[in-house]
Amino acid sequence: MSGIELPRNKRSLQRLYIDEVGNHDIQEHLSGNERFLTLFGVWVSFDEMVNVIQPEMRTIKLTFFEADPDAPLIFHRREISRYQGPFSILYGDREKRKKFGDRMLRAYQEWEYTSVAVTIDKSEHLSRYRVWRHAPYHYCLEVLLERYVLYLHHAGLRGDVMVESRNSTLDGRLKDSFRRLYQNGTSYVPVETWQKCLTSKELKLSKKSADVAGLQLADLLAHSAHYDLLAEKGLVETQKSEYGRLVAQILNQSKYNRNAKNGRVEGYGKKLLP
């Protein structure tokens, strides 16, 4: 079956999907998982999303799970890893669990997308900046979006941004933050570049139940990226999950944003703050 023929002006449009690992709270004496927050983003062309990722993800769901085509099944890493809900079928079937895991690894390898992981050490941020305390989530968002906008700029592309909706208060603050970046730029990326590369000053928000393939992809990859970056910086021991290490290996090999001249990932595809 042939793919969908998108209008020429939409084929190369990019969309950045963002997921988070950790929480945005910032306070004294943070420890363990509370100490770090990661925003992980994947951007994908409209053509790749419509003709490859969406249909293949739908096929995987129908192949491995008792999915109702009229009641979408949503991939969520935590539920899958804990065998909850519709994913409980994996718990007692080791062969199916292995086949599903292998199929997803192949998808992560074959699908065309670019990723960025931005992690903030909130304890270090507090100790270093006693007066200026940029909200951790918004600080990470700014740094992540700068890399996306610069990628679009250097590639001669345009795109927009989608985040999973949380609640009306947090969503409102996030939309305001995004709008300010679009209208003012940053010290690192001028406003003209933001407005040239982004198709809208408005952030797109979608609920988990909407079955957005890009948000599910970001969710499935973010946890592995988070712990891989922390392990790389010596802030945690090596990632305990063997499967998580395999996912991180795929990201490290070919999926992170890189410096176009020397292939460097540090600072482009991975960034530790502050």
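I'd like the residue in region 101-139 that is modelled with pLDDT under 95 and among the polar types (S, T, N, Q) and, out of all such residues, is farthest from Val247 (Cα to Cα). Write out each step before concluding.
Initially, region 101-139 is screened for residues modelled with pLDDT under 95, giving 120-139.
Now drop any that are not among the polar types (S, T, N, Q), which leaves 123, 127.
Values: Ser123: 28, Ser127: 33 Å.
Filtering region 101-139 for residues that are modelled with pLDDT under 95 and among the polar types (S, T, N, Q), the one farthest from Val247 (Cα to Cα) comes out as Ser127.
Output the qualifying pairs, or none if there are none: Cβ atoms under 7 angstrom, residues six or more apart or on different chains, first residue in region 204-217 and at negative phi, second residue among the acidic types (Asp, Glu) and not in a helix (DSSP H, G or I).
Qualifying pairs under 7 Å: Lys204/Asp160; Ser206/Glu164; Lys208/Glu164; Leu215/Asp19; Leu215/Glu164.
Go through region 175-274 and tell me which helices (runs of 4 or more DSSP H), entirely inside it, have 1 or more residues that are under 16 Å from the mean Cα position of the chain (by Cα). Give the steps one after another, and end with the answer.
Numbers: elements: 191-197, 213-232, 242-250.
Answer list for region 175-274: 213-232, 242-250.
So, in region 233-271, exactly how many residues are closer than 14 Å to Thr119 by Cα and modelled with pLDDT under 95?
Of the residues in region 233-271, 4 are closer than 14 Å to Thr119 by Cα and modelled with pLDDT under 95.
Condition test on Val143, is it surrounded by 16 or more Cβ atoms within 10 Å (Cβ to Cβ), of a type in the set (Val, Ile, Thr) and either outside any loop (DSSP other than H, G, I, E, B) or under 20 Å from the mean Cα position of the chain (by Cα) (or both)? Please lay out each step first, then the result.
On the way: surrounded by 16 or more Cβ atoms within 10 Å (Cβ to Cβ): yes; of a type in the set (Val, Ile, Thr): yes; either outside any loop (DSSP other than H, G, I, E, B) or under 20 Å from the mean Cα position of the chain (by Cα) (or both): yes.
When the stated conditions are applied, Val143 passes them.
Hey, can you tell me all the residues within region 65-87 that are modelled with pLDDT of 95 or more, surrounded by 13 or more Cβ atoms within 10 Å (Cβ to Cβ) and either in a helix (DSSP H, G or I) or of a type in the set (Asp, Glu) (or both)?
Answer for region 65-87, where residues must be modelled with pLDDT of 95 or more, surrounded by 13 or more Cβ atoms within 10 Å (Cβ to Cβ) and either in a helix (DSSP H, G or I) or of a type in the set (Asp, Glu) (or both): Arg77, Glu79, Ile80, Ser81, Phe87.
Does Glu56 qualify as being surrounded by 15 or more Cβ atoms within 10 Å (Cβ to Cβ), among the charged types (D, E, K, R) and more than 30 Å from Gly267 (Cα to Cα)? Quick ask: steps written out before the conclusion?
Values: surrounded by 15 or more Cβ atoms within 10 Å (Cβ to Cβ): yes; among the charged types (D, E, K, R): yes; more than 30 Å from Gly267 (Cα to Cα): yes.
Answer is yes for this residue.
For region 209-236, what are the residues that are farther than 18 Å from Asn252 by Cα and loosely packed, with under 14 Cβ neighbours inside 10 Å?
Result: Ser209, Ala210.
Name the residues in region 1-44 that are modelled with pLDDT of 70 or more and on the phi > 0 side of the Ramachandran plot, would you?
If we filter region 1-44 for residues that are modelled with pLDDT of 70 or more, which is where we start, we get 3-23, 34-44.
Gly22 - this is the single residue of region 1-44 that is modelled with pLDDT of 70 or more and on the phi > 0 side of the Ramachandran plot.
The values are calculated or read from the model by the stated rules, or taken from the named source; none is laboratory data. All figures in this text were calculated on a predicted structure; none of them were measured in a lab. Ideal geometry is used to build each Cβ from the backbone, glycine not excepted, and the neighbour counts take in all protein chains shown.
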